[in-house]
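Notes follow the structure.
The values are calculated or read from the model by the stated rules, or taken from the named source; none is laboratory data. Predicted, not measured: the structure shown is a model, and the values here were computed from it. Neighbour counts are summed over all protein chains in view; Cβ atoms, including those assigned to glycine, are modelled from backbone coordinates with ideal geometry.
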């Protein structure tokens with residue numbers, strides 16, 4: 001199984017480490033030609049969504065990624081990756097891939113100093129330690145979007161068809177449950 005990990009900015013190496021431990025092959029997506037037909041899944045990591053979006057445009061990757069996602073390839077999107085997928089960003093007029101029918105709020109939990117960890121339950125995963133760093137949250141979901149986890153009355157994880165999006169960073173812990181679930185989506 002080959003996973004394409006967006007590697008233009010952000011926490012891509014941490015995702016690769018976990019996926020390799022779980023037996024997946026990883027390829028870094030740094031330019032348009034890296035997005036090949038033999039990729040079985042895509043990871044959109046946390047980082048800075050504005051920078052990632054700008055680089056996706058400049059590198060000509062945006063439309064190719066959007067086509068792949070809309071064709072049904074499984075996607076795991078964390079933090080900034082969730083923002084890239086979202087159809088609407090409340091506090092930003094920009095839109096990126098816009099394939100996930102949710103409305104998110106960028107930096108909803110405050111600045112870097114407001115980062116925190118909590119353990120919450122996530123559907124089909126169970127109890128999971130979640131790390132939030134300048135995280136967004138999901139204000140509302142569209143038709144067909146399943147809420148997978150909430151924290152403090154806010155939606156923090158969803159699944160819509162082939163897209164799994166979350167506010168937090170599962171790649172920063174030693175629990176591989178979310179990455180296992182993602183690989184099972186591919187199989």
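Given the conditions (1) farther than 27 Å from residue 134 by Cα; (2) surrounded by fewer than 17 Cβ atoms within 10 Å (Cβ to Cβ); (3) without any contact (Cβ under 8 Å) to a residue 60 or more places away in the chain, report the number of the one that residue 22 does not fulfil.
(3)
Within the range 162-187, how many residues turn out to be part of a loop (DSSP other than H, G, I, E, B), under 14 Å from residue 19 (Cβ atoms) and within 11 Å of the chain's Cα centre (by Cα)?
Residues flagged as part of a loop (DSSP other than H, G, I, E, B), under 14 Å from residue 19 (Cβ atoms) and within 11 Å of the chain's Cα centre (by Cα) within the range 162-187 amount to 0.
Out of the range 113-127, which residues are within 16 Å of residue 77 (Cβ to Cβ) and part of a strand (DSSP E or B)?
Matches in the range 113-127: 122 only.
Would you please name the residue that is surrounded by the most Cβ atoms within 10 Å (Cβ to Cβ), looking only at residues in the range 176-187 that are out of contact with any helix residue (DSSP H, G or I) (no Cβ under 7 Å at 6 or more places or on another chain) and modelled with pLDDT of 95 or more? Spell out the reasoning first.
Initial filter on the range 176-187 (out of contact with any helix residue (DSSP H, G or I) (no Cβ under 7 Å at 6 or more places or on another chain)): 177, 180-187.
From the residues that got through so far, the ones that are modelled with pLDDT of 95 or more too are 177, 180-186.
Working: 177: 16, 180: 14, 181: 18, 182: 24, 183: 20, 184: 10, 185: 17, 186: 15.
My answer is 182.
Specify which of the listed residues (95, 103) is assigned to a strand (DSSP E or B), surrounded by fewer than 23 Cβ atoms within 10 Å (Cβ to Cβ), under 16 Å from the mean Cα position of the chain (by Cα) and free of Cβ contacts under 8 Å to residues at least 40 places away in the same chain. Walk me through how you get there before you give the answer.
Details: 95 fails: assigned to a strand (DSSP E or B).
From the options 95, 103, the qualifying one is 103.
Across the range 18-56, which residue is farthest from the chain's Cα centre (by Cα) among those that are assigned to a helix (DSSP H, G or I) and farther than 26 Å from residue 107 by Cβ? Working first, answer last.
The initial filter retains those residues of the range 18-56 that are assigned to a helix (DSSP H, G or I), namely 18-21, 32-34, 49-56.
Filter again for farther than 26 Å from residue 107 by Cβ, leaving 19-21, 32-34.
On the way: 19: 14, 20: 18, 21: 19, 32: 19, 33: 21, 34: 19 Å.
Checked the range 18-56; the qualifying residue farthest from the chain's Cα centre (by Cα) is 33.
Yes or no: residue 88 surrounded by fewer than 19 Cβ atoms within 10 Å (Cβ to Cβ), part of a loop (DSSP other than H, G, I, E, B) and without any contact (Cβ under 8 Å) to a residue 24 or more places away in the chain? Reasoning before the result, please.
Values: surrounded by fewer than 19 Cβ atoms within 10 Å (Cβ to Cβ): yes; part of a loop (DSSP other than H, G, I, E, B): no; without any contact (Cβ under 8 Å) to a residue 24 or more places away in the chain: yes.
Here the answer is no, as residue 88 does not meet what is asked.
Name the residues in the range 106-122 that are surrounded by 13 or more Cβ atoms within 10 Å (Cβ to Cβ) and at pLDDT 90 or above, would you?
Within the range 106-122, 117, 118, 120, 122 qualify.
Restricting the search to the range 134-161, which residues are on the phi < 0 side of the Ramachandran plot, surrounded by fewer than 19 Cβ atoms within 10 Å (Cβ to Cβ) and in a loop (DSSP other than H, G, I, E, B)?
Answer for the range 134-161, where residues must be on the phi < 0 side of the Ramachandran plot, surrounded by fewer than 19 Cβ atoms within 10 Å (Cβ to Cβ) and in a loop (DSSP other than H, G, I, E, B): 142, 143.
Restricting to the range 1-14, name every residue that is closer than 20 Å to residue 50 by Cβ and touching a strand residue (DSSP E or B) at 6+ places or on another chain (Cβ under 9 Å). Full working, then the answer.
Pass one, the range 1-14, residues closer than 20 Å to residue 50 by Cβ: 5-12.
Residues satisfying the conditions are 5, 6, 7, 8, 10, 11, 12.
Would you mind telling me which numbered condition in (1) in contact with a strand residue (DSSP E or B) (Cβ under 8 Å, 6 or more places away or on another chain); (2) without any contact (Cβ under 8 Å) to a residue 60 or more places away in the chain residue 75 fails?
Of everything listed in (1) in contact with a strand residue (DSSP E or B) (Cβ under 8 Å, 6 or more places away or on another chain); (2) without any contact (Cβ under 8 Å) to a residue 60 or more places away in the chain, residue 75 misses just condition (2).
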